[in-house]
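First up is the structure itself, then whatever we jot down about it.
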C-alpha cells in the first residue's frame with residue numbers, strides 16, 4: 001500500500017524521477033602518482049539486457065570476420081564463452097562507470113577505448129569494484145550483525161509470511177536459518193558460542 005496521502009501514480013513518479021545512487025571508487029591506475037576516482041552506479045534491467053545483446057552481437061561479428069562462420073550452439077567452444085565474458089565486461093563498464101563531475105555521462109569516451117587502453121587486470125579490478133557497489137546499493141542483504149539477525153527474526157515473526165526473505169541473498173538466508181536453528185537445538189558443547197566454551201552459569205553449577 002502506498003503511503004497515506006499519495007497515489008500509486010505519484011509514488012511511481014517519485015521513484016522514476018529520483019536520482020540514481022552511485023559510489024566513488026578508485027580507478028586501478030595512478031595518474032602522475034595520484035589516485036583518481038570514478039563514479040559507479042548499478043545497471044537497470046534494460047541496461048543489463050542491452051549489455052548482453054551487444055556482447056552477443058560483437059562476438060558473432062568477430063567470429064565471422066576471423067573464422068568466417070559462427071559455431072552452432074552445440075559447437076560452442078570455451079573460447080566463445082571467454083570472448084563473450086571479456087566483451088560483456090566492457091559493455092558493463094561502459095554503462096556503470098560514470099564521470100564523477102556529471103554522472104549522466106560515461107567515464108569513458110567509447111567502449112572500444114576500454115579494451116584498447118586498459119589491461120585485463122585493470123578491467124578485472126573495475127568489475128570487482130562494480131560487484132561491491134552493486135551489493136552495497138542493492139536491496140539484497142548479504143551479511144548481518146547479531147543485532148541485525150535479531151531484527152530480521154522479529155520482522156519475519158511480525159510479517160507472518162516469508163516475503164521479507166526476498167530481500168536476502170542465499171548467504172543471508174543461511175546465516176539467519178543457522179541462527180534460528182541454534183536457538184531451537186542446544187549446542188552439543190552446551191554453548192552457542194563459536195569457541196565452544198560452556199557458559200559461566202553452567203561452569204558454576
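Being surrounded by fewer than 14 Cβ atoms within 10 Å (Cβ to Cβ), over 28 Å from residue 97 (Cα atoms), outside the structural domain of residue 111 (by TED's automatic domain parsing) and modelled with pLDDT of 85 or more is the requirement here; does residue 151 meet it? It is true that residue 151 is surrounded by fewer than 14 Cβ atoms within 10 Å (Cβ to Cβ), over 28 Å from residue 97 (Cα atoms), outside the structural domain of residue 111 (by TED's automatic domain parsing) and modelled with pLDDT of 85 or more. With the condition kept exactly as written, say whether any residue in segment 143-165 is within 26 Å of residue 23 (Cα to Cα), in contact with a helix residue (DSSP H, G or I) (Cβ under 8 Å, 6 or more places away or on another chain) and in a strand (DSSP E or B). No, segment 143-165 contains no residue that is within 26 Å of residue 23 (Cα to Cα), in contact with a helix residue (DSSP H, G or I) (Cβ under 8 Å, 6 or more places away or on another chain) and in a strand (DSSP E or B).
Scanning segment 120-142 for residues that are at pLDDT below 85 and surrounded by 14 or more Cβ atoms within 10 Å (Cβ to Cβ) returns a single hit, 141.
Of everything listed in (1) surrounded by 14 or more Cβ atoms within 10 Å (Cβ to Cβ); (2) not assigned by TED's automatic domain parsing to the domain that holds residue 27, the single unmet condition for residue 145 is (1).
More than 22 Å from the chain's Cα centre (by Cα), at pLDDT below 95 and closer than 30 Å to residue 139 by Cβ: which single residue out of 77, 101, 13 fits that description?
13 is the lone residue from the list that is more than 22 Å from the chain's Cα centre (by Cα), at pLDDT below 95 and closer than 30 Å to residue 139 by Cβ.
The values are calculated or read from the model by the stated rules, or taken from the named source; none is laboratory data. Treat the numbers as computed from the prediction; the structure is a model and nothing was measured. Note that each Cβ is placed from the backbone with ideal geometry, even for glycine, and that neighbours are counted across all protein chains shown.
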